[in-house]
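Peer 1: Handing you this structure, nothing more for now.
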Amino acid sequence: MISVEHITKRFNDTTAVDDLSFEVKPGVITGFLGPNGSGKSTTMRIILGLDRPTKGRALINGKSYHSLSAPLREVGALLEAKAVHPGRSARNHLLALAVSNGIPASRVDEVLNFVGLESVAKKRAGDFSLGMSQRLGIAGALLGDPPVLLFDEPVNGLDPEGIRWIREFFRKLADEGRTVLVSSHLMSEMAVTADQIIVIGRGKFITSGSVDDLTKNAAGTVIVRSTNNGELTKALANTSATVSEINDEGLRVSGLAAAAIGDLAFATGIALHELTPERASLEEVFMELTHDSVEYSQTAKEAN
Amino acid sequence: MTHTPGLYAVIRSEWIKFRSVRSTVIGTVIMFVLTIGIGLLIGFAVKGHLQSMTPVERATLDPIQLAMGGILFAQFAVGVIGALLITSEYTSTSIRTTLSAVPNRLRLVSAKAIVLALVIFIVGEIASFVAYFDGAAIFHGTIAALPSLSQGKTLQAVFLSGLYLTLMGLFGFGLGLILRQSAGSISTYTSLLLIIPILVFLLPSSWQNNITKFEPSVLGQAMRSTTGVLRGGTPVFGTWTATAILASYCVAAVGAGIILMSRRDA
Ligand SMILES: Nc1ncnc2c1ncn2[C@@H]1O[C@H](COP(=O)(O)OP(=O)(O)O)[C@@H](O)[C@H]1O
Ligand SMILES: [Mg+2]
């Protein structure tokens, strides 16, 4: 169980995390989703006691990270894959970590085998590819067999086989009753990986729930084809609808139900050739949810 | 897996890290070779000039300082080892991995300092005694013959040569903790040893003697001195006062580093 309680983190003028609160429960995979720069990594560093929050606190099973005497046995984390001294061998890197937390050296070989790095265990970590570094990071996270695990953008740098492997691995961890928090800026990734999703934008909590809940509550879109798409677009402009796409195929309309669009077309004298309500994809829900925050951060950057 | 790991576990971990990286191992070897090798070079070079020395030069000749001349070079190696011990963690961001395994900053820094100090102390003492015996052999039967270890302050001077290297390694470590960058820490360290004396030299001479004796390398010469004055007659602090002042620099630098580390984001 991870509890984030009203965390705010400011870096000079940037508010990276803004009064963020959420809980991560054991036994499920929790996706931590937000566009790039929305504060996911910062939040994870605060949970691990690396960054000091400006306000608020994060607890692991009710305790602050700093109070853990053997943290690797309680929390495993993969933040940046390359957070390893490049000149040290993979095995020595893991051995030093293990020894500092009273973990037996035999466990180092176990985790090296598990991630498939046993053959390169004596090689310098600096010569590893990103995928191998990710595996080394995962080995480090598993060293203490911890009940709580955090992974920051873990699929970056993995090949399709590695991605499948890591998804099954998260599933296994959750099935064993562990608390698993996985961040990503890709909704499509979270849709197939996570059970529960926490969405943030610009450091603020936006929503959370199961993958199903999130798509159910989202406004759907309607695909419309007609004899006169131009006229129909003009007519729709006077309503609450938003037309997001215009091409030969037709219009993609959101913010107005299919029936209302049909009535409007009839009233305007335009014949409809297609009127297809679409359930919003998770990706669209995400874009919609975080639209404001992304746009804001872009205009803010331009202003600077 | 039931006991709670403490400082000793972190010391063992830091020792594994120290010996498993090329830069620290090579740095330690360089420090050893410089202490002995430069001592030999100075020995052979000076031996040929002994007869042509002026009476003043002869009077202030401190053969122990000559034999320990390699320390003046090895002090740069230990500063670099000390600084890199921590700055390499920041430049590779492995400090985040380290701190997530050992969130107690005081414990982590203590473990690193203990490993660093022990390694430099052991290697530094061996190198210092080898340098002494080399010097004794080279100057045997000359006017610069080295006093035996049991005479006067000889043993103390040789012992404090190794301790000086240890303290300077810790000082470099403290600078690394504060600055977190390899290049910045190493250039600050070398500036303190090389540039400050030049700047002090530009000051009115009445100030010079008062400031010079506080410079780290001059404190080191005071620690190795068996005569109480440097060549040229510059007065220096007493041996143990100098040791205490240099140790206080280390405590200040490492202490400031620990406080900063506890306040700053990793
Ligand atoms: N150490 C730092 N110093 C200054 N700004 C930072 C620092 N770390 C992160 N930020 C800023 O905080 C915001 C959130 O960043 P981050 O947590 O990395 O987001 P994410 O992981 O979701 O992409 C960004 O605007 C980023 O530029
Ligand atoms: Mg990130």
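Peer 1: Extension gain residue A:213-residue A:5, at 0.36 nm per residue separation less the Cα-Cα distance, in nm? Please report the intermediate quantities before stating the final value.
Peer 2: Details: separation 208, 0.36 × 208 = 74.88 nm, distance 2.36 nm.
This chain segment gains 72.5 nm when fully extended.
Peer 1: Within chain A, which is the longest segment that contains none of the trypsin sites (Lys or Arg not before Pro) sitting in a DSSP loop with at most 16 other Cβ atoms within 10 Å? Walk me through the numbers before you get to the answer.
Peer 2: Values: sites that count: A:122, A:123, A:279.
That would be A:124-278.
Peer 1: Between residue A:227 and residue B:263, what is the label-to-label distance in nm when each label sits 7 Å out along the Cα-to-Cβ direction?
Peer 2: 7.6
Peer 1: Roughly how big is the stretch A:1-114's charge dipole about its Cα centre, with Cβ charges of +1 (Lys, Arg) and -1 (Asp, Glu), in debye to the nearest 20?
Peer 2: Details: 14 positive and 10 negative charges, 42 e Å.
With only Lys, Arg, Asp and Glu charged at Cβ, the dipole is about 200 debye.
Peer 1: Under 15 Å from a point placed 7 Å out from the Cα of residue B:91 along the Cα-to-Cβ direction: which residues of the stretch B:137-175 have their backbone N that close?
Peer 2: Under cut-off, by backbone N: B:173.
Peer 1: Under a 5 Å amide H to amide H cut-off, with H placed in plane at 1.01 Å, what residues pair with residue A:18 once short-range neighbours are removed?
Peer 2: The answer is A:9, A:204.
Peer 1: What number in nm² do you get for the stretch B:1-158 if you take the convex hull of its Cα atoms and divide its surface by four?
Peer 2: Values: hull surface 48.4 nm².
In nm², the orientation-averaged hull projection of the stretch B:1-158 is 12.1.
Peer 1: Can you give the mean number of other chain Cβ atoms that lie within 10 Å of the Cβ atoms in peptide B:8-20?
Peer 2: On the way: counts 2, 8, 4, 2, 5, 8, 3, 2, 9, 9, 1, 1, 9.
Across the residues of B:8-20, the mean count of other-chain Cβ atoms within 10 Å is 5.
Peer 1: Looking at the stretch B:154-239, which chymotrypsin sites (Phe, Trp or Tyr not before Pro) are in a loop (DSSP not H, G, I, E or B) and have at most 14 other Cβ atoms within 10 Å?
Peer 2: Details: sites: B:159, B:164, B:171, B:173, B:189, B:201, B:207, B:214, B:237; in loops: B:214, B:237.
Taking the stretch B:154-239 and a limit of 14 other Cβ atoms within 10 Å, no loop chymotrypsin sites (Phe, Trp or Tyr not before Pro) are found.
Peer 1: Translational diffusion coefficient, Stokes-Einstein: compute it for the stretch A:219-278 using the Kirkwood radius over C-alpha pairs as Rh, at 10 °C and 1.306 mPa s, and state it as an integer in µm² s⁻¹. Don't skip to the answer; put the middle values down first.
Peer 2: Numbers: Rh = 10.9 Å.
For the chosen part, D equals 146 µm²/s.
Peer 1: Quick one: putting +1 on the C-beta of Lys and Arg, -1 on the C-beta of Asp and Glu, what dipole do you get for the protein assembly as shown around its Cα centre, in Debye to the nearest 20?
Peer 2: Details: 48 positive and 45 negative charges, 553 e Å.
Here the size comes out at about 2660 debye.
Peer 1: Can you give the FRET efficiency to the nearest 0.05 for residue B:121 and residue B:248, using r as the Cβ-Cβ distance and R₀ = 30 Å?
Peer 2: Values: r = 18 Å, r/R0 = 0.61.
Calculated transfer efficiency: 0.95.
Peer 1: Here's something else I'd like to know. Distance from the Cα centre of the stretch A:72-96 to that of the stretch A:103-161, in angstrom?
Peer 2: If you average the Cα positions of each part, the centres end up 8 Å apart.
Peer 1: Could I ask something else about it? Kirkwood Rh over Cα pairs of the protein assembly as shown into Stokes-Einstein at 20 °C, 1.002 mPa s: D in µm²/s? Show your work: numbers first, answer last.
Peer 2: Numbers: Rh = 28.0 Å.
Reported coefficient: 77 µm²/s.
Peer 1: Could you state the angle between the C-alpha long axis of helix A:258-268 and the longest principal axis of the C-alpha atoms of chain A, as a value from 0 to 90 degrees rounded to the nearest 10?
Peer 2: Once rounded, one gets 30 degrees.
Peer 1: Taking the Cα-to-Cβ direction at residue A:67 and at residue A:36 and moving 7 Å from each Cα, how far apart do the two end points lie in nm?
Peer 2: Taking the two extended label points, one gets 3.9 nm.
Peer 1: I've got another one for you. Can you work out the FRET efficiency for the pair residue A:163 and residue A:113, with r the C-beta to C-beta distance and R0 = 30 Å, to the nearest 0.05? Walk me through the intermediate numbers first.
Peer 2: Working: r = 21 Å, r/R0 = 0.69.
Calculated transfer efficiency: 0.90.
Peer 1: To the nearest 10 degrees, how steep is helix B:239-263 against the longest Cα principal axis of chain B, on a 0 to 90 scale?
Peer 2: Between the helix axis and the principal axis of chain B, the angle is about 20 degrees.
Peer 1: Considering the dipole of chain B built from charges on the beta carbon (Lys and Arg +1, Asp and Glu -1) around the Cα centre, which of B:173, B:56, B:204 is farthest to its positive end?
Peer 2: The one lying farthest along the dipole's positive direction is B:173.
Peer 1: Which angle between 0 and 90 degrees, to the nearest 10, do you get for helix B:154-179 versus the longest principal axis of chain B when only C-alpha atoms count?
Peer 2: 40
Peer 1: Where in the stretch A:133-164 is the amide nitrogen less than 14 Å from a point lying 7 Å along the Cα-to-Cβ axis of residue A:106?
Peer 2: none
Peer 1: Once fully extended, how much extra length lies between residue A:21 and residue A:172, figured as 0.36 nm per residue of separation less the alpha-carbon to alpha-carbon distance? Please report the intermediate quantities before stating the final value.
Peer 2: Details: separation 151, 0.36 × 151 = 54.36 nm, distance 2.68 nm.
Stretched out fully, the residue A:21 to residue A:172 stretch lengthens by 51.7 nm.
Peer 1: Of A:193, A:66, A:156, which is farthest on the positive side of the dipole of the stretch A:2-211, counting Cα position, with +1 on Lys and Arg Cβ, -1 on Asp and Glu Cβ, and the Cα centre as origin?
Peer 2: Going by the Cα projections, it comes out as A:66.
Peer 1: With viscosity set to 1.002 mPa s and temperature to 20 °C, compute the Stokes-Einstein D of the stretch B:126-213, Rh being the Kirkwood radius across alpha carbon pairs; µm²/s, no decimals.
Peer 2: Details: Rh = 16.0 Å.
The calculation lands on 134 µm²/s.
Peer 1: Can I ask one more? Looking at B:104, A:261, A:121, which one has the Cα that reaches farthest to the positive end of the dipole of the protein assembly as shown (charges on Cβ: Lys, Arg +1; Asp, Glu -1)?
Peer 2: Ranked along the dipole, the leading option is B:104.
Peer 1: Shifting gears a bit: Between residue B:52 and residue B:133, what is the label-point separation in nm under the 7 Å Cα-to-beta-carbon projection?
Peer 2: 3.3
Peer 1: For Cα pairs less than 8 Å apart in space and 6+ apart in sequence, what is the mean separation divided by the residue count of chain B, i.e. the relative contact order in percent? Spell out each step's value before the answer.
Peer 2: Working: 375 pairs, mean separation 66.5, N = 266.
It comes to 25 percent, rounded to a whole number.
Peer 1: Shifting gears a bit: Along the three principal axes, how long is chain A when you take its alpha carbons, biggest first, rounded to the nearest angstrom?
Peer 2: 78, 41, 38
Peer 1: Another question, if that's okay. Applying 1/(1 + (r/R0)^6) with R0 = 22 Å to the Cβ-Cβ distance of residue B:145 and residue B:41, what FRET efficiency is obtained, to the nearest 0.05? If you can, show how the numbers build up before the last one.
Peer 2: Numbers: r = 19 Å, r/R0 = 0.86.
Efficiency, from the Cβ-Cβ distance: 0.70.
Peer 1: Can you give the convex hull volume of the alpha carbon atoms of chain B per residue, in Å³?
Peer 2: So the per-residue Cα hull volume is 139 Å³.
Peer 1: Whole angstrom only: what separates the Cα centroid of the stretch B:172-222 from the Cα centroid of the stretch B:85-99?
Peer 2: Rounded to whole Å, the Cα centres lie 26 Å apart.
Each reported figure results from applying straightforward, stated rules to the coordinates on display, with no laboratory input. Everything quoted here is computed from the prediction, not taken from an experiment. So basically every Cβ, Gly included, is an ideal-geometry build from the backbone, and we count neighbours across all protein chains shown.
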